[in-house]
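Student: Pasting in a structure now, in structure tokens, and then I'll have a few things to ask.
The values are calculated or read from the model by the stated rules, or taken from the named source; none is laboratory data. What you see is a predicted model; the values in this text were computed from it and never measured. Because the Cβ atoms are built from the backbone with ideal geometry, glycine has one as well, and the counts that use them run over all protein chains shown.
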Amino acid sequence: MTIITNNPEKKRELLTEEVLSLLPSSVLSAVLSDRTVLFPGFCDVHVHFREPGFSYKETMNTGSAAAAHGGYTTVCTMPNLNPVPDSAEHLQKQTELIRLNAVIEVLPYGSITIGQNGTELSDLDGLAPFVVGFSDDGKGVQSEDMMRKAMMKAKRLGKTIVAHCEDNSLLRGGYIHDGIYAKEHGHKGICSESEWKPIERDLRLAAETGCAYHVCHISCKESVELIRNAKKFGVNVTCETAPHYLLLDENDLQEDGRFKMNPPLRSKEDREELLRGLTDGTIDMIATDHAPHSAEEKAKGLAGSAFGIVGLETAFPLLYTGLVKPGILTLERLIDLLTEAPRRRFAIPERKDYTVWDLSVQETIDPAHFLSKGKATPFANRLVFGKCLLTVCDGKVVYHA
């Protein structure tokens, strides 16, 4: 459904008169102007909305409103919650919040293991009808045998294993990339092997079991090469990266918690290989890993702050400005990475969801304007092109400027 149009009549036809009648006159005239562009609603397969359990960081309502502000109409929520959605009963607490408070389509993941403890499989059979896939995101599955069992069951259920790849034995207390910045500033580093080694293991298991396997937030060059080669040999694997890994590296680090995420910003060489992987098709989609925290949790520098940044409200302008305008990607390719590619992989049906942007508008990213409770972004004060004017989800206006 890749629709990219600035034609006023086509926009009027797709958005419908019923939707347009709800808009203030100033927004309506801008939406129908030939300077604005209509896209399909974006789809993010990796977000954290923090409910149930951690509503001081984000709620279903604030997270979904932030998504709509960024042009997203479908998101998939990770399971590091309380309770962890490791059974249909525990999942019900989240699905009720979605039903009551979400303004866009929110599809939950079920956890791979009970309590994300890595030692016992969740009730995958009971969860399967209600989840988009299985993940222990936030924690890597450390046991090869446990991951094999998960893949075998997921294969039987027709679901994808979505892996946060992190070998705990290789972390050694690190919290930023084990590179030049860490050495020069006396920080403990996270080696790239802690990411690519589990990917190497899981690719072998995916080949063995035939399971559909998706790798979260890849950040280093070795991960790209492993996945590239696995695809050549027919392994059923896809992967994502996030805007911050494509646009920033360790040279951009500052002594501020808004630059701390997991995995960390890697080297310039890693970022360049991620861009190559994006252009040659190794990287299948872009997800934000939207991970809001309280201001207090992000105010303790690189060493003491919580891992995670927000991203739903800045992703498209950053990627348009940083990748499309310099000619690294075409606009059509970017829209596929943000819309159809994730839907294809996770069998998420297309709907009549749209978002309208004015690509000529230049704005400075200001976290004070975010609808998310989380404000921590390494892109604060960056000048970008693109302003969201309208987001329509399932025929309903869920955001307008």
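Student: For the structure I just gave you, tell me whether L14 is more than 24 Å from I348 (Cβ to Cβ), surrounded by fewer than 18 Cβ atoms within 10 Å (Cβ to Cβ) and touching a strand residue (DSSP E or B) at 6+ places or on another chain (Cβ under 7 Å).
Tutor: Spelling it out, it is not the case that L14 is more than 24 Å from I348 (Cβ to Cβ), surrounded by fewer than 18 Cβ atoms within 10 Å (Cβ to Cβ) and touching a strand residue (DSSP E or B) at 6+ places or on another chain (Cβ under 7 Å).
Student: Conditions first: (1) assigned to a loop (DSSP other than H, G, I, E, B); (2) crowded, with 22+ Cβ neighbours inside 10 Å. K139 passes all but one, so which condition is the exception?
Tutor: Only one criterion is unmet by K139, namely (2).
Student: Another question, then. Mind counting the residues in segment 274-321 that are in contact with a Lys or Arg (Cβ under 6 Å, 6 or more places away or on another chain) and without any contact (Cβ under 8 Å) to a residue 12 or more places away in the chain?
Tutor: Matching residues across segment 274-321 total 0.
Student: Further question on the same structure: When you go through (1) closer than 14 Å to Y72 by Cβ; (2) assigned to a strand (DSSP E or B) one by one for V361, which number turns out not to apply?
Tutor: Only one criterion in (1) closer than 14 Å to Y72 by Cβ; (2) assigned to a strand (DSSP E or B) is unmet by V361, namely (1).
Student: Continuing with this model, one more query. Being part of a loop (DSSP other than H, G, I, E, B) and on the phi < 0 side of the Ramachandran plot: is that true of I348 here? Reasoning before the result, please.
Tutor: Numbers: part of a loop (DSSP other than H, G, I, E, B): yes; on the phi < 0 side of the Ramachandran plot: yes.
Yes; evaluated as a whole, the condition is true for this residue.
Student: Between residues in segment 256-270 that are under 16 Å from H164 (Cβ atoms) and residues that are among the β-branched types (V, I, T), which pairs lie under 9 Å by C-beta distance while being six or more apart or on different chains?
Tutor: What qualifies is M261/I309; N262/I190; P263/I190; P263/I218; P264/I176; P264/I190.
Student: Based on this model, can you work out whether E96 counts as among the charged types (D, E, K, R), over 21 Å from N168 (Cα atoms), in contact with a Gly (Cβ under 9 Å, 6 or more places away or on another chain) and modelled with pLDDT of 95 or more? Write out each step before concluding.
Tutor: Working: among the charged types (D, E, K, R): yes; over 21 Å from N168 (Cα atoms): yes; in contact with a Gly (Cβ under 9 Å, 6 or more places away or on another chain): no; modelled with pLDDT of 95 or more: yes.
No: the conditions fail for E96.
Student: Among the residues of segment 16-26, is any over 22 Å from G138 (Cα atoms), free of Cβ contacts under 8 Å to residues at least 40 places away in the same chain and not in a helix (DSSP H, G or I)?
Tutor: Start the filter on segment 16-26 by keeping residues that are over 22 Å from G138 (Cα atoms), which leaves 16-26.
Add one more test, that the residue is free of Cβ contacts under 8 Å to residues at least 40 places away in the same chain, and what stays is 17, 20-21, 25-26.
Restricting the remaining residues to those that are not in a helix (DSSP H, G or I) gives 21.
Taking every residue of segment 16-26 in turn, at least one turns out to be over 22 Å from G138 (Cα atoms), free of Cβ contacts under 8 Å to residues at least 40 places away in the same chain and not in a helix (DSSP H, G or I).
Student: Count, please, the residues in segment 29-51 that happen to be crowded, with 17+ Cβ neighbours inside 10 Å and not in a loop (DSSP other than H, G, I, E, B).
Tutor: Step one: filter segment 29-51 for residues crowded, with 17+ Cβ neighbours inside 10 Å, giving 30-32, 36-51.
After this cut, where a residue has to be not in a loop (DSSP other than H, G, I, E, B) as well, the list is 30-31, 36-40, 42-47.
Looking only at that region, the number is 13.
Student: While we're looking at this one, here's another question. Go over the candidates T339, T391, T355 one by one and state the one that is in contact with a helix residue (DSSP H, G or I) (Cβ under 6 Å, 6 or more places away or on another chain), closer than 26 Å to V162 by Cβ and crowded, with 20+ Cβ neighbours inside 10 Å. Write out each step before concluding.
Tutor: Numbers: T339 fails: in contact with a helix residue (DSSP H, G or I) (Cβ under 6 Å, 6 or more places away or on another chain); T355 fails: in contact with a helix residue (DSSP H, G or I) (Cβ under 6 Å, 6 or more places away or on another chain).
Unique residue meeting the criteria: T391.
Student: As an exercise: evaluate A401 against (1) under 28 Å from L20 (Cα atoms); (2) in contact with a Ser or Thr (Cβ under 7 Å, 6 or more places away or on another chain); (3) not polar (S, T, N, Q) and give the number of the one condition it does not meet.
Tutor: Unmet for A401, out of (1) under 28 Å from L20 (Cα atoms); (2) in contact with a Ser or Thr (Cβ under 7 Å, 6 or more places away or on another chain); (3) not polar (S, T, N, Q): (2).
Student: Of all residues being assigned to a strand (DSSP E or B) and farther than 18 Å from H369 by Cβ in segment 272-330, which is farthest from the chain's Cα centre (by Cα)? Just the residue, please. Steps first, please.
Tutor: Looking only at segment 272-330, we keep the residues that are assigned to a strand (DSSP E or B), and these are 285-286, 290.
Adding the requirement that they be farther than 18 Å from H369 by Cβ leaves 285-286.
On the way: M285: 9, I286: 7 Å.
In this case the residue turns out to be M285.
Student: Select from segment 249-299 the residues that are of a type in the set (S, T, N, Q) and surrounded by 22 or more Cβ atoms within 10 Å (Cβ to Cβ) and list them in ascending order. Lay out the reasoning, then the answer.
Tutor: Filtering segment 249-299 for residues of a type in the set (S, T, N, Q) gives 251, 254, 262, 267, 279, 282, 288, 294.
Result: T282, T288.
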